[in-house]
Amino acid sequence: MNKAIDAFGGLEPIDGDKFTPVSESEVQAIEAGLGCRLPDSYRCFLVTYGACSPREIVIYDPAKRLPSEISTSGKGNIAIFYGTKSDVDDAYSLQRRMHYFSGRIPANLIPIADNGGGSQILLGISGKEAGKVYLWDLNNEPLDEEDYMEDYGEPRPPEAMFENVHLIAESFEDLLRRLEVKAD
């Protein structure tokens, strides 16, 4: 993992000059709430770095090119990885972000990072999406349950939640390998 991180210029803490790793007990509490174990590489990332950002402006070349309405180049970016509650603010708390996006993103995905514009980088935690990494496009968010019912006269089907979700990596390690410093 360190080799992949070094390849895109490294990471820096969000608050201050040292990383605030997520404690093993907090990771276990997150997993207990989810009812599953997080992928080992992502667990390792959390307990090593916590909330952090790339040192450089980075982009990723996704496993499947992003639609042109999201990116003219087909690529995306990552601004911040979520972690633990910091001493200053918990805006980058993984648990807070999971709560905030609950019901807005598919139930078997969790937000792990932000692209800098509000769209989320998601990690699959179960089903056929387990371990894979996705982009959730904020600008094309599906209708909520109530609006869907009003517009279509039936409950929102689970697949409707994936209308704005795009595969970007086959695993968290694959995501890190896909990151590169943005050329000027």
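When only residues in segment 110-122 that are out of contact with any helix residue (DSSP H, G or I) (no Cβ under 6 Å at 6 or more places or on another chain) and surrounded by 22 or more Cβ atoms within 10 Å (Cβ to Cβ) count, which is farthest from Glu173 (Cα to Cα)?
Per the criteria, the residue is Gln120.
Restricting to segment 140-184, and then to whatever is closer than 16 Å to Pro111 by Cα and of a type in the set (S, T, N, Q), can you tell me which residue is surrounded by the fewest Cβ atoms within 10 Å (Cβ to Cβ)?
This residue is Ser171.
Could you tell me which numbered condition Ser93 fails, if it satisfies all but one of (1) under 22 Å from Ser53 (Cα atoms); (2) in contact (Cβ under 8 Å) with a residue 60 or more places away in the chain?
(2)
Condition check: loosely packed, with under 15 Cβ neighbours inside 10 Å and modelled with pLDDT under 95. Does Val88 satisfy that?
Yes, satisfied.
Restricting to segment 16-34, name every residue that is modelled with pLDDT under 90, buried (at least 16 other Cβ atoms within 10 Å of the Cβ) and under 29 Å from Ala183 (Cα atoms).
Selection gives nothing.
Do we find a residue being crowded, with 16+ Cβ neighbours inside 10 Å, aliphatic (A, V, I, L, M), modelled with pLDDT under 95 and under 22 Å from Leu138 (Cβ atoms) anywhere in segment 35-56?
yes
The values are calculated or read from the model by the stated rules, or taken from the named source; none is laboratory data. Just so it is clear, the structure is predicted and the values come from calculations on it, not from any experiment. Positions of Cβ are generated from backbone atoms using ideal geometry, with glycine treated the same way; all protein chains shown enter the neighbour counts.
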